[in-house]
Amino acid sequence: MSYDPFDFKNALPVINEDSEFFPLMSTEDEEEMNNEEMPEVLAILPLRNTVLFPGVVIPITVGRDKSIKLVKEANRGSRIIGVVSQQDVGIEDPTFSQLNRVGTTALIVKMLQMPDGNTTVILQGKKRFTLQEEIQSEPYIKASIIPFEEVRPREDKEFKAMVSSVKDMAMNIIQLSPNIPTEAGIAIKNIESTSFLINFISSNMNADMEVKQRMLETVNLRDRARLVLEHLTTEIQMLELKNQIQSKVRVDLDKQQRDYFLNQQLKTIQEELGGNTPDLELDNLRERSKKKKWAKEVADHFSKELDKLARINPAAADYSVQINYLELLLDLPWNEYTKDNFDLKRAQKVLDKDHFGLDKVKQRIIEYLAVLKLKHNMKAPILCLVGPPGVGKTSLGKSIAKALGRRYVRMSLGGLRDEAEIRGHRKTYIGAMPGRVIQSVKKAGAANPVFILDEIDKVGADFRGDPSSALLEVLDPEQNSTFYDNYVEMDFDLSNVMFIATANSLSTIQPALLDRMEIIEVNGYTIEEKIEIAKQHLLPKQREAHGVTSKQISIKNDVMEKLIEDYTRESGVRALDKKVGSVVRGVAKSIALEEAYNTAVSKKDLETILGAPIYDKDIYENNNVAGVVTGLAWTQVGGDILFIEASLSPGKGRLTLTGSLGDVMKESATIALAYLRAHAAYFDINQKLFEQWDVHIHVPAGATPKDGPSAGVTMLTALTSAFTQRKVKPNLAMTGEITLRGRVLPVGGIKEKILAAKRADIKDIILCKSNKKDILEIKEHYIKDLQFHYVTEMREVIDLALLQEKVSDALELTIKEDTKPVLN
């Protein structure tokens, strides 16, 4: 049973007939109450177990017949009665002589009829009185009374300190007692009257009737305050001692014991609901582990972790973490492989059916299968397919998986910046999970899938680590047999996984990572190849996607060629796929609206559906001005042609470069001008022109940044054409870099550049002799209309590129004769 030094269950607010709450008694209210006249005769209500103090409001339950009749008659009259506590609480019907001599007049504030039939009366104490003699005993006691004279002490410092101590101790008791409401402390703080404060605390403290009656009968307020202070001191000491004893002898259930009981209850509930209990989960994990084909060290590690799980409380947070970890170990394909299909002819057919061209890639896959068929065990190669967008690098992975009969998974690396995405998080972190490599292998369900690492050239790096460095372990055939994931905490063999990376450019790939991969260039497609791809793959796919049959639409080769040349400009076929889809949708609309249309799409129909041609190749043929040369450039989206313009204006021989050129192209322009000045006599150029004319080199589309080591021959040809006023041959393009001595150096991206030249209807192409090997890799029937000129010196380029006749000799006519001669 709890112990309360204060008993506030009877401390109710004062209530009037309209059920409005009154505030606690103020000093003015007390003075007004003291000035009220006291009647000489009062009906006396005996109280068995409480003492009423002036100003205090208490509810009492009236059960005696005499008392019920008394309060009813008084409530109809003045509502003033006398309240006196009886000397012996065991007497059921006390007489006048069995009552205490000092009591309190009371106002009947409210009389309530309770649902159980009892009558509750709310009384407010007014003034003390002393009983004189009994007037009547039936039907209830009436007696004559005289006022009880209270002595009010002088409020000196000692008295004020005593009252303050009473209030502080009362507040302290309230804080130490958890069962006392906080409203009690607020009530004590708001009491202004010293006398009412003492009465309020006396009435509500946990004291015997004799103690409270003695306090009521104490004449001097100072003495009464001292009695209250003594009692509060005793109470607070008892309360502190009680708390100390409880803290020493309190025996709480141990947390593990408590959790055990809760778990037993949870187990019973789960069994009733048909769910898995912790024991069943452990048994399930143990049974699954017996079916795994893992190595002994993995089995030992799993058993150790399973034993650890058995010791963890199922209600603990670590329990679910450990469950997830063990389930991952069970889901990983340890030594589980799919069977490779060694039918090489079938594999070749699958590759040819899914992808047109790409002979080099197909040849490499067939070689791998052939060796694997003979040896039955070899480390999978790490291939890196490099080429412009839309050439089928990613989709090629699905075809390889189909040809090999392996599972296929893909992981996009574009924008990846967190190293933990590769190696996983440590289990100590909240929300830890394995890396995406392990997750993908788990998803594949076999330890030898075809794994596509898409956009490996777009891996980032920041404060969370360098994922490209983490990929070194994944893509190193000498290391990935013991790949360590931070979450798995065990070596996993990735050597049988066939990794195929894709990239648009090798320039952004870390050199160490690049060294671990076998680079295979997937170049752009020629127009002939695009026509075949569109016929075999794109058009059937779009027909199926739009619900159109082959009888409802067909596109002939000449129409498809116009679609490719006039509406797309790319190395791949992604834009072509979209345009073919637009054409099919246009036909589908006509079918749905039941309009007349041509099932064989014509060139005119293309313009009706797609609008006017987007690209016009005639703009590439305007080389009628001296100083304008067509170059070939490589971009990440494939090859393109590039115009370089050179012009002269009177000045002092300054060189101006415009067109958002990078440092490499600026250096090429400087080298070209230096070479031309050094060999002016060979090209029949007057040295005075270099001193009296400013040179301006511009590359159109100035908003597009341009850079690269393949514009040297083009810039030198443009400068030579401008200084000699000899035009460049029509339908001619070139690419290559130069040295200060005039040597022509080989460059890359030849196939993409050749395709760009062919799209532009270029007929003659000048290349470095060392690039001849790149031309030999292109099928001959694709480049039969092109004429290639292989050179090693810049003089050969000028002889091949420029026409003999001059546009004008105006430059020579304006040379100032007073200029000092320049030594050759």
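As for segment 371-394, it holds at least one residue that is of a type in the set (D, E, K, R), in a helix (DSSP H, G or I) and either under 25 Å from Lys541 (Cα atoms) or touching a Pro at 6+ places or on another chain (Cβ under 8 Å) (or both).
The C-beta contact set for segment 478-490 (first residue assigned by TED's automatic domain parsing to the domain that holds Gln322, second residue part of a loop (DSSP other than H, G, I, E, B) and of a type outside the set (Ser, Thr, Tyr), distance under 9 angstrom, 6+ apart or interchain) is empty. In segment 661-733, counting only helices (runs of 4 or more DSSP H) that sit wholly within it, the ones holding 2 or more residues that are of a type in the set (Val, Ile, Thr) and under 23 Å from His789 (Cβ atoms) span 712-724.
Considered as a group, the residues in segment 344-391 that are among the β-branched types (Val, Ile, Thr) and touching a Leu at 6+ places or on another chain (Cβ under 7 Å) include one that is farthest from Arg516 (Cα to Cα), and that residue is Ile366. The set of residues from segment 511-539 being closer than 30 Å to Leu475 by Cα and in a helix (DSSP H, G or I) comprises Pro511, Ala512, Leu513, Leu514, Asp515.
Within segment 613-643, if we keep just the residues that are over 48 Å from the mean Cα position of the chain (by Cα) and of a type in the set (Val, Ile, Thr), the residue that is modelled with the lowest pLDDT turns out to be Ile619. Out of all the residues in segment 425-447, is one or more closer than 21 Å to Asp476 by Cα, part of a loop (DSSP other than H, G, I, E, B) and under 22 Å from the mean Cα position of the chain (by Cα)? Yes, segment 425-447 has at least one match.
The residue pairs whose first member lies in segment 140-159 and is charged (D, E, K, R), whose second member is part of a helix (DSSP H, G or I), and whose beta carbons are closer than 7 Å, counting only pairs six or more residues apart or on different chains, are Glu150/Leu221; Arg152/Leu221.
Take the residues of segment 651-679 that are more than 56 Å from the chain's Cα centre (by Cα) and crowded, with 19+ Cβ neighbours inside 10 Å: which is farthest from Glu805 (Cα to Cα)? Of everything passing the filter in segment 651-679, Tyr675 is farthest from Glu805 (Cα to Cα).
With the structure loaded, tell me whether Ser165 is at pLDDT 80 or above, among the polar types (S, T, N, Q) and not assigned by TED's automatic domain parsing to the domain that holds Arg79 or whether it fails that test. Against the criterion (at pLDDT 80 or above, among the polar types (S, T, N, Q) and not assigned by TED's automatic domain parsing to the domain that holds Arg79), Ser165 qualifies. Met215 satisfies every condition listed in (1) of a type outside the set (Asp, Glu); (2) more than 30 Å from Leu70 (Cβ to Cβ); (3) buried (at least 19 other Cβ atoms within 10 Å of the Cβ) except (2). Looking at segment 509-563, which of its residues are closer than 30 Å to Asp466 by Cα and at pLDDT 85 or above? Scanning segment 509-563 gives Ile509, Gln510, Pro511, Ala512, Leu513, Leu514, Asp515, Arg516, Met517, Glu518, Ile519, Ile520. Surrounded by 14 or more Cβ atoms within 10 Å (Cβ to Cβ) and touching a residue at least 40 places away in the same chain (Cβ under 8 Å): does that describe Lys127? For Lys127, the condition - surrounded by 14 or more Cβ atoms within 10 Å (Cβ to Cβ) and touching a residue at least 40 places away in the same chain (Cβ under 8 Å) - is met.
Those helices (runs of 4 or more DSSP H) of segment 749-805 in which 2 or more residues are of a type outside the set (Phe, Trp, Tyr) and more than 49 Å from the chain's Cα centre (by Cα) occupy 772-776, 794-801.
On the given criteria, is Glu92 modelled with pLDDT under 85 and within 24 Å of Glu150 (Cα to Cα)? In short, no.
The values are calculated or read from the model by the stated rules, or taken from the named source; none is laboratory data. Small disclaimer: the values here were computed from a predicted structure and weren't measured. Don't worry about glycine lacking a Cβ; one is built from the backbone with ideal geometry, like all the others, and counts go over all protein chains shown.
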